[in-house]
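Structure first, commentary second.
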Amino acid sequence: MKIMMYGHGGSMNRGCEAIVRSSASIIKEGIGGAQVYLLSDNPHTDQTITKLDDVYDGSPSPLRKYTYDWLVSSVRNKLFQDESYALGKIHDNIIKHIDGMDVCLSIGGDNYCYGEQPGWYEVNRRVKRQGKKLVLWGCSIGEEDMSPAKLQDLGGYDLILARETLTYEMLKSKGLTNVRLVADPAFTMEKEELALPEGWQEGNTVGLNFSPLVWKRNQQSKEAVHELIRHMLDSTDMTIALTPHVMQEGNNDYEVLQSYYEEYKDTRRVLLLPDHLNAIQYKGYIARMRFFIGARTHATIAAYSNAVPTLVLGYSVKSKGISKDLFGEEKLVLGIQDISSGAKLKGAFDEMVRDEAALRAALHQSVPRLQGLSHRAVQYLAELA
């Protein structure tokens, strides 16, 4: 089985890297002879993912004005409101590989959370037109994200694998019958343990991840996190390890965390992990933390999957759904409005410390079940062949 993954922006987002790494591993483990190919917007960032058979440039190619393709697409759009020709040319780096594949996996876990996606809709139509199997792999979609065009596109998939219960139940409620419940493949990802940095307290370090996405959507959250850091320094003897997980231009955790580091480095209890580690190396550090506080979903999955009690600074259905599947309820997930309040952040942190043993025990019990659901996705995929 030749499998093409597309919808991947590149591995400067370590969460995207985690999806690709873990997916390639469990697919090859579960389907004998499977070959896995990646279409990436930034293929140079994915070269260290060894389980892939190849990585291709899948980046979009904008139409240049006054070229033949631009003229044809302009006429078709103006006369018939038909964008398919233009979209096909823009996404030709993906479309040209479809014919050589058996199954095409749309792997952007939350690509459908950001408005209409006419480009992906066109790629998906081309996949089906060429008679290939089409799978949405490990997705999260909120009720607020749905539209008639999106629902029509989702109905064209041979298989939709929802990575948490809230998405699964919402899609089923829309009448879709091609949906199965699984878990994020990153629950199965391996870790690499590097040497601990100076100042790290073994068994007594709390990780903190924060993102520009949250910062921009809630300006007050910046000061609330300052209050949280001061609270952790004043009320505990823990070291705080600032932990970046996305290093994309304009969306760089490291830049946000560096500003906090500069503020508190003189306490000698705040350290900043480097910005050049890969997903399994960050997971290796997160696995050795006592607690974790994170805005990036896959940084929190790295913590959960190692039974590290975790406070999620969530801003979408995926954070809520994953927590619900782990604990039976949305536990220690603060929404975008909640993190305006330093008091709420401090209260949630204190709750996490208070319930440390119970949280760790619950994760030890639930994580193997979710890892089983991650592997079940491969079983569903194999059944398509």
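The values are calculated or read from the model by the stated rules, or taken from the named source; none is laboratory data. Everything quoted here is computed from the prediction, not taken from an experiment. Cβ placement follows ideal geometry from the backbone for every residue including glycine, while neighbour counts extend to all protein chains displayed.
For segment 120-145, the set of residues classified as more than 16 Å from GLY108 (Cα to Cα) and not in a helix (DSSP H, G or I) consists of GLN130, GLY131, LYS132, LYS133, listed by residue number.
Being surrounded by fewer than 20 Cβ atoms within 10 Å (Cβ to Cβ), of a type in the set (A, V, I, L, M, F, W, C) and in the same structural domain as LEU161 (by TED's automatic domain parsing) is a condition met by at least one residue of segment 9-20. Going by the structure shown, is GLY115 under 19 Å from the mean Cα position of the chain (by Cα), on the phi > 0 side of the Ramachandran plot, in a loop (DSSP other than H, G, I, E, B) and at pLDDT below 90? So GLY115 passes the test. Screening ILE336 against (1) aliphatic (A, V, I, L, M); (2) surrounded by fewer than 22 Cβ atoms within 10 Å (Cβ to Cβ); (3) modelled with pLDDT of 95 or more leaves a single unmet condition, (3). What about LEU79, is it part of a helix (DSSP H, G or I) and in contact with a helix residue (DSSP H, G or I) (Cβ under 9 Å, 6 or more places away or on another chain)? In short, no. For segment 35-78, a residue qualifies if it is in contact with a strand residue (DSSP E or B) (Cβ under 6 Å, 6 or more places away or on another chain) and of a type in the set (A, V, I, L, M), and the qualifying residues are VAL36, LEU38, LEU39, LEU52, VAL55. Residue check: LYS318 meets all listed conditions (1) surrounded by fewer than 24 Cβ atoms within 10 Å (Cβ to Cβ); (2) touching a helix residue (DSSP H, G or I) at 6+ places or on another chain (Cβ under 6 Å); (3) charged (D, E, K, R) but one, namely (1). In this structure, is VAL72 surrounded by fewer than 18 Cβ atoms within 10 Å (Cβ to Cβ) and part of a helix (DSSP H, G or I)? Considered against the rule, which asks whether it is surrounded by fewer than 18 Cβ atoms within 10 Å (Cβ to Cβ) and part of a helix (DSSP H, G or I), VAL72 comes out as yes.
When the residues of segment 340-380 are narrowed to those that are of a type in the set (S, T, N, Q) and more than 30 Å from LEU228 (Cα to Cα), which ends up surrounded by the fewest Cβ atoms within 10 Å (Cβ to Cβ)? So, considering only residues that are of a type in the set (S, T, N, Q) and more than 30 Å from LEU228 (Cα to Cα), the one surrounded by the fewest Cβ atoms within 10 Å (Cβ to Cβ) is GLN379. Scanning segment 146-169 for residues that are of a type in the set (A, V, I, L, M), in a helix (DSSP H, G or I) and farther than 22 Å from LEU384 by Cβ turns up ALA149, LEU166. Checked against (1) hydrophobic (A, V, I, L, M, F, W, C); (2) within 22 Å of ALA183 (Cβ to Cβ); (3) surrounded by 22 or more Cβ atoms within 10 Å (Cβ to Cβ); (4) modelled with pLDDT of 95 or more, LEU313 passes all but condition (4).
Taking every residue in segment 196-219 that is free of Cβ contacts under 8 Å to residues at least 40 places away in the same chain and pairing it with any residue that is acidic (Asp, Glu) and in a loop (DSSP other than H, G, I, E, B), at least 6 positions away or on another chain, the pairs with Cβ-Cβ distances below 9 Å are GLN201/ASP237.
Within segment 170-181, can one find any residue that is in contact (Cβ under 8 Å) with a residue 12 or more places away in the chain and part of a helix (DSSP H, G or I)? So far as segment 170-181 goes, yes, one or more of its residues are in contact (Cβ under 8 Å) with a residue 12 or more places away in the chain and part of a helix (DSSP H, G or I).
One line per residue, one yes/no per condition, for (1) touching a His at 6+ places or on another chain (Cβ under 7 Å); (2) buried (at least 21 other Cβ atoms within 10 Å of the Cβ); (3) not small (Gly, Ala, Ser):
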position	(1), (2), (3)
GLN81	no, no, yes
LEU105	no, yes, yes
GLY119	yes, no, no
CYS139	no, yes, yes
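Which of the residues belonging to segment 24-55 are outside any loop (DSSP other than H, G, I, E, B), buried (at least 18 other Cβ atoms within 10 Å of the Cβ) and not β-branched (Val, Ile, Thr)? Listed by number, the residues that qualify are ALA24, SER25, LYS28, TYR37, LEU38, LEU39, SER40, PRO43, ASP46. Selection of segment 313-345 for residues being assigned to a loop (DSSP other than H, G, I, E, B) and either out of contact with any strand residue (DSSP E or B) (no Cβ under 8 Å at 6 or more places or on another chain) or in contact (Cβ under 8 Å) with a residue 60 or more places away in the chain (or both) yields TYR315, SER316, GLY328, GLU329, GLU330, LYS331, GLY335, ILE336, GLN337, SER341. Residues in segment 89-112 that are out of contact with any strand residue (DSSP E or B) (no Cβ under 7 Å at 6 or more places or on another chain), assigned to a helix (DSSP H, G or I) and either aromatic (Phe, Trp, Tyr) or under 19 Å from ASP54 (Cβ atoms) (or both): ASP92, ILE95, ASP99.
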